[in-house]
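Worksheet: the structure to be examined is printed underneath.
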Amino acid sequence: MAGSVPTAAASLAPNPSAQHRTESGWVRWLLIGITLLFLGLMLILPLVSIFAEAFRKGIQVYFAALSEPDASAAIRLTLLTALLSVPLNALFGIAAAWAITKFRFRGKQFLITLIDLPVAVSPVISGLIFVLMFGAHGLFGPWLSEHNIKIIFALPGIVLATTFVTFPFVARELIPLMQAQGTEEEEAAVTLGAKGWRIFWKVTLPNIKWGLLYGVILSNARAMGEFGAVSVVSGHIRGSTNTIPLHIQILYNEYQFAASFAIASLLVLLAALTLAVKGLMEWNMKRQAAANEARLLKTVT
């Protein structure tokens, strides 16, 4: 009789899986069907059409479009822009997150609002702001012309515009992460005699490394695909200031559809690579979290 008590208790205990199945089966399948239909129409079908159009005239035309001098210049400029803007965003994101989460000062909420500003402002407007500041008739235009410094319609303007529209990503990943971690570990390091940089390298950075890499990946993806702000400040100079998205637009407007879709497929492959790295990082973060939880349970027991 005593042995039957646990069985009876287990039968009376609520089933977690049953609690989550409150809706009927047709509702679940309807929601799944709507989701798959939406993904198929808005994501899968456009991607398939891009590669179909890219290879429509054959693989030789495809690789010829990628190796064409203007296309090669656009690819190099896109990679160079990302290579310059993403580290700047990483440095700014770390500094902003550190200041917001580790210190108390007036205007903290205003700083957080400023970090979100590029998300609220249209990229075209942000590019126009740089033209009004650094253009020939802008605020600093005459001084720049006197010193033969070219920002608009050159690489510096493209990097500035790209950095502006992408700098919230790293900060927005690090701020909630560092707020959740608190300041106990840094304070403990200070009591042991550690200084600022040593605390950062030995304590803070290991705790935020995955969030930092996640923000860098998102920032890089946006930097390579940015169109609006770069379109305003670039001048659309072939072989000089055209990034990949701008080069795609020019080819499409000239009815070179196979070439434009070939370059677009390259951008899709770069995005897919970014998503693959992002997924690998998320898997690694979950694996480490599970390992830490198992280690903690083992320590407690």
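Just a few scattered comments:
- Selection from segment 116-141 of residues that are at pLDDT 90 or above and over 15 Å from Ala161 (Cβ atoms): Phe140
For (1) over 23 Å from the mean Cα position of the chain (by Cα); (2) surrounded by 14 or more Cβ atoms within 10 Å (Cβ to Cβ), each residue gets a yes or a no:
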{"position": "Met42", "(1), (2)": "no, no"}
{"position": "Ala95", "(1), (2)": "no, no"}
{"position": "Trp98", "(1), (2)": "no, yes"}
{"position": "Phe103", "(1), (2)": "yes, no"}
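- Of the helices (runs of 4 or more DSSP H) lying entirely inside segment 22-117, the ones with 1 or more residues being within 30 Å of Gln179 (Cβ to Cβ) and aromatic (Phe, Trp, Tyr) are found at 69-102, 108-115.
- Given (1) more than 25 Å from the chain's Cα centre (by Cα); (2) assigned to a helix (DSSP H, G or I); (3) among the small types (Gly, Ala, Ser), number of the condition Gly239 does not satisfy: (2)
- Selection within segment 207-229 - hydrophobic (A, V, I, L, M, F, W, C), closer than 20 Å to Gln179 by Cα and under 13 Å from the mean Cα position of the chain (by Cα): Leu212, Leu213, Val216
- Among residues of segment 162-173 that are on the phi < 0 side of the Ramachandran plot, those with a beta-carbon under 9 Å from a residue that is buried (at least 24 other Cβ atoms within 10 Å of the Cβ) and outside any helix (DSSP H, G or I) at least six positions away or on a different chain give the pairs Thr162/Glu226; Thr162/Thr243; Val165/Glu226; Thr166/Glu226.
- Going through (1) surrounded by fewer than 12 Cβ atoms within 10 Å (Cβ to Cβ); (2) farther than 30 Å from Leu205 by Cβ; (3) of a type outside the set (Val, Ile, Thr) one by one, Leu132 falls short only on (1).
- Out of Ser234, Ser265, Ser219, one residue alone is farther than 30 Å from Ile129 by Cβ and polar (S, T, N, Q). It is Ser265.
- Taking each residue of segment 70-89 that is under 16 Å from Leu269 (Cβ atoms) and looking for partners that are of a type outside the set (Asp, Glu) and part of a helix (DSSP H, G or I) with beta-carbon atoms closer than 6 Å, six or more apart or interchain, yields Ala71/Ile263; Ala74/Ile244; Ala74/His247; Thr78/Met224; Thr78/Ile244; Ala82/Asn220; Ala82/Ala223; Ala82/Met224.
So that you can scan it fast, the table gives a plain yes or no per residue for (1) of a type outside the set (S, T, N, Q); (2) over 25 Å from Lys278 (Cα atoms):
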position	(1), (2)
Pro156	yes, yes
Val170	yes, no
Ala180	yes, no
Glu187	yes, yes
Thr191	no, yes
Gly215	yes, no
Gly225	yes, no
Ile237	yes, yes
Pro245	yes, no
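- Just one of (1) under 19 Å from the mean Cα position of the chain (by Cα); (2) free of Cβ contacts under 8 Å to residues at least 12 places away in the same chain; (3) closer than 30 Å to Ile208 by Cα fails for Gly107. It is (1).
- Checking Ser240 against (1) of a type outside the set (Lys, Arg); (2) surrounded by 13 or more Cβ atoms within 10 Å (Cβ to Cβ); (3) closer than 20 Å to Arg222 by Cβ, the condition it does not meet: (3)
- Test result for Ile263, in a helix (DSSP H, G or I), buried (at least 20 other Cβ atoms within 10 Å of the Cβ), of a type in the set (Val, Ile, Thr) and at pLDDT 90 or above: yes
- Flag for Ile199 being in a helix (DSSP H, G or I), without any contact (Cβ under 8 Å) to a residue 60 or more places away in the chain, crowded, with 17+ Cβ neighbours inside 10 Å and of a type outside the set (Lys, Arg): yes
- Unmet criterion (only one of (1) outside any helix (DSSP H, G or I); (2) out of contact with any Ser or Thr (no Cβ under 9 Å at 6 or more places or on another chain)) for Leu275: (1)
- Extreme residue, surrounded by the most Cβ atoms within 10 Å (Cβ to Cβ), among residues of segment 44-71 that are within 27 Å of the chain's Cα centre (by Cα) and not hydrophobic (A, V, I, L, M, F, W, C): Asp70
- Pair list, Cβ < 8 Å and 6+ apart or interchain, from segment 145-157 residues that are part of a helix (DSSP H, G or I) to residues that are among the basic types (Lys, Arg): Pro156/Lys150
The values are calculated or read from the model by the stated rules, or taken from the named source; none is laboratory data. The structure presented is a predicted model; accordingly, all values stated were derived computationally and were not measured. Ideal geometry is used to build each Cβ from the backbone, glycine not excepted, and the neighbour counts take in all protein chains shown.
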